[in-house]
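Report on one structure; see the data block that follows.
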Amino acid sequence: MVKSKIQILLNPKQIPNPKSKLSRWDFEFGIYLVLLVAFVVLGFTLNCFAQPISSTELINNAKLYDGKTVVYEGEAIGDIMVRGQFAWVNLNDGKNAIGIWLGKDLTTDILYTGSYKAKGDWIEVVGVFNRACAQHGGDLDLHAKSIRKTSPGRQTPERLNLGKRNLVLVLLGILCLVWILRQLKLR
């Protein structure tokens, strides 16, 4: 038994090195610090997507964004107007609408456009913003490089307002009663 105690004490891994200035705590702290920095850096780089610019921002600062690649997001509204190999789509972000000039092949993802009968697909566009596009008569527009549907549209059923229907029936009944009384008075 004494031998085992001596062997344990003489194990070179357990004898502290007087030249070493780092303790086990320092080593663990270093590992945790490296892991923390790695998670922070990876966390920021994985979530660094371009944020969409609002139509108000684009319109108010048109000189600043002119000729630059921007990300714009909005609901596809109106009709898709095909012009040869290209098409116009209007996107409304809730405040303003901006015309998007894109290749006809990119419009295949757009199933619904906003109208009285439907809620349009919500589309994110990456493209070049033009304050006064020479190609399109000086209009403010965005030439799309790519589009992505962020939310699908849907049909919106037209609902009958029962209060208005009942009011019309009551007024129609009163009108019929007045007409009948007038006919009886004329006899």
**Q.** Of residues in segment 82-119 being part of a strand (DSSP E or B) and either of a type outside the set (A, V, I, L, M, F, W, C) or in contact with a Pro (Cβ under 9 Å, 6 or more places away or on another chain) (or both), the one nearest to L140 (Cα to Cα)
**A.** G99
Q) Quick check: is even one residue across segment 149-169 in the same structural domain as K63 (by TED's automatic domain parsing), in contact (Cβ under 8 Å) with a residue 60 or more places away in the chain and in a strand (DSSP E or B)? A) yes
Q.
Against the condition out of contact with any helix residue (DSSP H, G or I) (no Cβ under 9 Å at 6 or more places or on another chain), among the aromatic types (F, W, Y), touching a residue at least 40 places away in the same chain (Cβ under 8 Å) and loosely packed, with under 13 Cβ neighbours inside 10 Å, how does Y112 come out, does it pass?
A. no
Q. Within segment 120-148, how many residues are acidic (D, E) and without any contact (Cβ under 8 Å) to a residue 24 or more places away in the chain?
A. 0
Q: Test each condition in (1) β-branched (V, I, T); (2) in the same structural domain as R148 (by TED's automatic domain parsing); (3) more than 19 Å from G153 (Cα to Cα) for V89 and report the one that comes out false.
A: (3)
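The values are calculated or read from the model by the stated rules, or taken from the named source; none is laboratory data. Here the structure is a predicted model, which is why all the values come from computation and not from measurement. Don't worry about glycine lacking a Cβ; one is built from the backbone with ideal geometry, like all the others, and counts go over all protein chains shown.
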